[in-house]
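Structure first, then comments.
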Amino acid sequence: MRYIDQIEELQVILKDADYVGVKAVEGDVTLQEFLTGMFAYRPGLIRFLYRVRSGLVWLLGIRQQPLPEMDEWIPGEVPMLSCGNIWFFSVSLAREERYWIGCCPEESHLTAFMGVVAEPLDDIRKRFHVVTIVHYKRWTGRLYFLLIRPFNWFFVNRLAQAGLAVKGAKAARL
């Protein structure tokens, strides 16, 4: 059983999901530090891929939210209340030192969540599960995610590494 399946509050989001992807890394940072490092990550490659995405969504007849400006990407502290926003995510579920789950803007083709679940290993060290959860609404959602899935894996992997890079954390790849 995956660790994320043991978190009762996540069951409503995980129920009937069409895709659940998890990338796990270990480090000695807090969840807030991990999230801050993760959301401070803003490479040019991601901005380029988002521009490429705009052509794909246009072909599929999907409306695309604009990518936040670079200044909007740098968090002081990641919001933990369900009214908070960071990047283009709205906080859906959050609990200090346990999990943070954000939802992408409402889309006609799918509903997507991204988040981090912190699994305590000892007094300091944690395993961070960076999770992507997708629910298709229409056939265009299935096709769209099929096309971007390799990029999603790459991006999530880079976000996980950026989360550990904060404060020069001691990290381990899993």
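Details
- Local charge for Asp123 was computed over the other residues whose Cβ lies under 13 Å away, with Lys and Arg +1 and Asp and Glu -1, and equals -1.
- Summed residue charge, Cβ within 13 Å of Asp18's Cβ, Lys/Arg positive, Asp/Glu negative: +4
- Put in order of Cβ neighbour count within 10 Å, fewest first, the listed residues Met114, Met38 become Met114, Met38.
- Neighbour counts of C-beta atoms inside 10 Å place Trp153, Trp139 in the sequence Trp139, Trp153, starting with the fewest.
- Other residues within the sphere of radius under 13 Å centred on the Cβ of Leu93, judged by their own Cβ, net out at -1 (K and R +1, D and E -1).
- At full extension, Tyr3 and Arg158 could sit 53.7 nm farther apart than now, given 0.36 nm per residue minus the alpha carbon distance.
- Here Phe48, Phe151, Phe113 are placed in order of increasing Cβ neighbour count within 10 Å, fewest first, which gives Phe48, Phe151, Phe113.
- Between Leu121 and Lys137, the modelled label-to-label distance comes to 3.9 nm, taking each label 7 Å out from Cα in the direction of the beta carbon.
Where a number appears in this text, it was derived from the coordinates with a stated rule and is not lab data. Remember, it's a predicted structure, so these values are computed and weren't measured experimentally. Glycine also receives a Cβ, built like all others from the backbone with ideal geometry; neighbour counts cover every protein chain displayed.
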